[in-house]
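*Asks:* Mind looking over this structure? Questions follow.
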Amino acid sequence: MRVTVLGGSGAWPVAGDACSGFLLTHEGFSILVDAGYAVLPRLLELMPAEQLDAVYISHGHPDHCADLNPLLRARALGGADPDPLPVYAPHGALNAVLALDRPGMLDAAVARRDFEPGESFSVGPFDLRTSLLPHWVPNAGVRAAAGGHAVVYTGDCGPHPALVELARGADALIAEATYPEVMAAGDAPYLSTARQAARQASEAGVGRLVLTHLWPGSEPGESLDAAAKEYGGRTHVARGGLSFDA
């Protein structure tokens with residue numbers, strides 16, 4: 001399984017990067033996990049919009065799903081006339097982004113696959129197991145398994161035993177890490193620090209940790225230093241262009 005980071009900025013995209021977006025590929029099948037602000041241009045550097053096979057959206061905040069709108073526009077209006085794009089998301093998470101265009105404009109471009117966090121299902125060669133993780137809105141963390149390997153993505157969430165269970169033994173954990181060590185007042189238990197993410201990665205015994213959703217202006221080195229206090233494995237900050245095999 002190949003993992004390519006399209007973006008990892010939290011809240012809004014910093015210069016030169018996008019918000020949350022991760023491309024998973026296996027056996028010629030591609031699934032985009034989250035489609036935050038500025039993800040589509042990054043995706044189009046790798047493939048035409050009509051070649052994408054599926055999308056998974058963790059939750060309905062726009063830094064995780066806003067670029068679903070231009071992605072569907074590219075497929076609906078680009079002239080290639082692809083099949084409807086299957087988009088998996090918690091119930092109601094897509095309502096706002098799909099309402100950006102006039103009613104019915106994108107209906108033929110999307111095949112909604114709404115689910116309840118906690119459900120499991122297959123998408124192409126990927127077996128997806130979801131879990132409800134704590135955030136201000138329903139957020140579905142996901143474990144994507146294919147070819148004997150597994151990658152776990154948190155979406156946005158605070159620390160929780162359900163995340164440790166979801167990530168146990170995974171090859172990689174892509175984890176919410178908005179702050180390095182000090183949590184902003186009012187954000188707990190809905191967001192995580194890099195140190196908290198690393199502690200959960202250690203508890204789960206994952207093979208690699210990727211810190212994502214860093215607050216704009218954060219110094220990546222501070223997050224890496226904080227994570228190193230709790231986790232001794234390979235650790236990266238999610239930035240566009242990072243890729244690895246799981």
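*Asks:* Which whole-number percent of Cα pairs in the chain have a distance greater than 22 Å?
*Replies:* Cα-Cα pairs in the chain separated by more than 22 Å: 48 percent.
*Asks:* Using +1 on the beta carbon of Lys and Arg, -1 on that of Asp and Glu, and nothing else charged, what's the dipole of the chain about the Cα centre, debye to 20?
*Replies:* The calculated dipole for the chain is roughly 160 debye.
*Asks:* Continuing with this model, one more query. Once amide H atoms are placed 1.01 Å from N in the peptide plane, what residues at a sequence separation of 5 or more from Val123, or on another chain, have their amide H within under 5 Å of its amide H?
*Replies:* Leu128
*Asks:* Quantify, in whole percent, the carbon and sulfur part of the accessible surface of the chain (1.4 Å probe; protein heavy atoms only).
*Replies:* 51 percent
*Asks:* State in Å² the accessible area per residue of the stretch 72-197; use a 1.4 Å probe, count heavy atoms of protein chains only, and round to the nearest integer.
*Replies:* Values: 5410 Å² over 126 residues.
Accessible surface, normalised per residue, equals 43 Å².
*Asks:* Amide H of Phe115: which non-local residues (sequence gap of 5 or more, or other chain) have their own amide H closer than 5 Å, using H built in the peptide plane?
*Replies:* Ala89, His91
*Asks:* Once amide H atoms are built 1.01 Å from N in the peptide plane, which residues 5 or more positions from Gly158, or in another chain, come under 5 Å H to H?
*Replies:* Placed amide hydrogens put Leu191 under 5 Å from Gly158.
The values are calculated or read from the model by the stated rules, or taken from the named source; none is laboratory data. Please read all numbers here as calculations on a predicted model, not as lab measurements. Backbone-built Cβ (ideal geometry, glycine too); neighbour counts: all protein chains shown. To get the accessible areas, we keep the full protein, side chains included, count just its heavy atoms, and leave off ligands, DNA and RNA. Shrake-Rupley method; radii C 1.70, N 1.55, O 1.52, S 1.80 Å.
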